[in-house]
Amino acid sequence: MGRVDGSGVRAPVFSWKRFSKKQLKVLTWWTDCSPVKGMDGIICDGAVRSGKTVCMALSFVLWAMQDFANCNFAIAGKTVSSVRRNVVADLSLMLRGRGYKVAEQVSKNQLTVTKGAVANVFYLFGGKDESSASLIQGVTLAGVLLDEAALMPQSFVDQAAARCSISGAKLWFNCNPEGPAHWFKREWIDKREEKRMLYLSFSMDDNLSLDERTKERYRTMFSGVFYERFILGKWSAADGIIYDMFDEKRHVLHVLPELDERAPKYVSCDYGTTNPCCFLLWVKAKTGEWIAAKEYYWNSRERGRQKTDEEYVNDMEEFIGAEKVRYIIIDPSAASFIAALKRRGFGNILAADNAVVPGIRLVSGMLGGYKLLCMDTCKNLIRERGSYAWDKAAALRGDDKPIKQFDHAMDAERYFVSTILTPARKVGTSDLRVRIGI
Ligand SMILES: Nc1ncnc2c1ncn2[C@@H]1O[C@H](COP(=O)(O)OP(=O)(O)O)[C@@H](O)[C@H]1O
Ligand SMILES: [Mg+2]
């Protein structure tokens, strides 16, 4: 579908499906006939892909253009490029489809939206790091839209809210849930009445553009606490055993199944000298599952002796044997071991993606869908799966992290999944090769 412009070229348009009741509420809460138009802002939380961002972004600009002229607004996401990708791209199409002019001044990270005599400027911000709070500090705003607000530092959100000093200014926040002690839950959702914020919680059923198969696909991507948060939309705590979906009967194999001969094999490694050092060999079954086929685990404390990097390289050579391994994936902090491997001619080393919680989320999703299996010889992997737990004290502070003990096979497994199996990454391209400079 496309709109024909003056040159006869079809411009892309946003093709809307029917709005859900909740989306309609987001689109109209500020209008004259709304009983809640006097509120100071809106918070939408809930499931992923539930239609929060798309309707909030459109409503934000329609509101801004109706109530203000020649004013400044802010649209923020985790980074400026994520705002462009997740918010501005569709928003521009939607606005143009409604007769608005949208001019993006890319170098200034700003959009000017015009209709008739009314023009307003929308500054784009990335709220990810603490330094962004100082960027937004100097501006006076009539409104802010924070996409994925719970992923931003509290200082940025506070600063953005404080900049909204023009009479009639409103705050527009959306996010997916985190833990119950997260600052956004405590400071904004729990205090929504005091802060005069309208609050709406979304589920995937509030997005009528998703068919049942798509919703089912999303459901199978998450497991454990991430299912509760990203599918059920609850602010659930990350406590207890992390991989509580692990079931020895279904995840542990006694006989290696037929392999997908075309799929590369990988080794992932969590390096340690005083701590244990773990290597895992990954192979793909013909039926699509990834299998940890064997493990190497050297616990220097238990064995009473630390190994040198050269000895670990010997062990790696022996571990790989005659297997053809596409990449060895190693935590980039293991610089001395990587250098030793390179000296011995290993050219196929990849720096592991070490973002812990997103990695755990991917592993949980794969375990939940029985896409990640292991052989019964991977004793430490199996043992650690049973004990790997969330740090309760950190959860009470609103921070998700695992307890750092008996986590070496867990780290090696996570490195493999995050680095190789993330759909966004195209492994094999040179940008992924390690450039540690040694
Ligand atoms: N009413 C609608 N018509 C067409 N597409 C929609 C509609 N509502 C949501 N979508 C689409 O559904 C997807 C998820 O919506 P999004 O707003 O990004 O969800 P969320 O922010 O909750 O993750 C997007 O591709 C969006 O364009
Ligand atoms: Mg969104």
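No lab work stands behind these numbers, since they all come straight from the coordinates. As the structure is a prediction and not an experimental result, all values here were calculated from the model. As a convention, Cβ positions derive from the backbone with ideal geometry for all residues, glycine included, and neighbour counts pool all protein chains shown.
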query: Based solely on its DSSP helices, what 222 nm [θ] is calculated for the chain when runs of n ≥ 4 H residues each add -39,500 (n - 2.57) and the sum is averaged over all residues, nearest 500 deg cm²/dmol?
result: -8500 deg cm²/dmol
message: Using the basic label-point model (7 angstrom from Cα toward the beta carbon), what is the residue 69 to residue 301 distance in nanometres?
response: 7.1
field: Relative counts (whole %) of C-alpha pair distances in the chain, using bins that are 10 Å wide
entry: 4, 18, 25, 22, 17, 10, 3, 0
- line: With the 8 Å Cα cutoff and a minimum separation of six or more residues, region 204-326 has a relative contact order in percent of 17
query: For region 15-210, what is the convex hull volume of the alpha-carbon atoms per residue, in Å³?
result: 115
- prompt: What number, in percent, do you get for the relative contact order of the chain if the mean sequence gap of Cα pairs under 8 Å and at least 6 apart is divided by its residue count?
  reply: 15
- line: Quick calc: nm separation of the 7 Å Cα→Cβ label points for residue 318 and residue 355 -> 3.8
statement: Stretched fully, the stretch from residue 265 through residue 403 gains (0.36 nm per residue minus C-alpha distance, one decimal, in nm) 46.7 nm
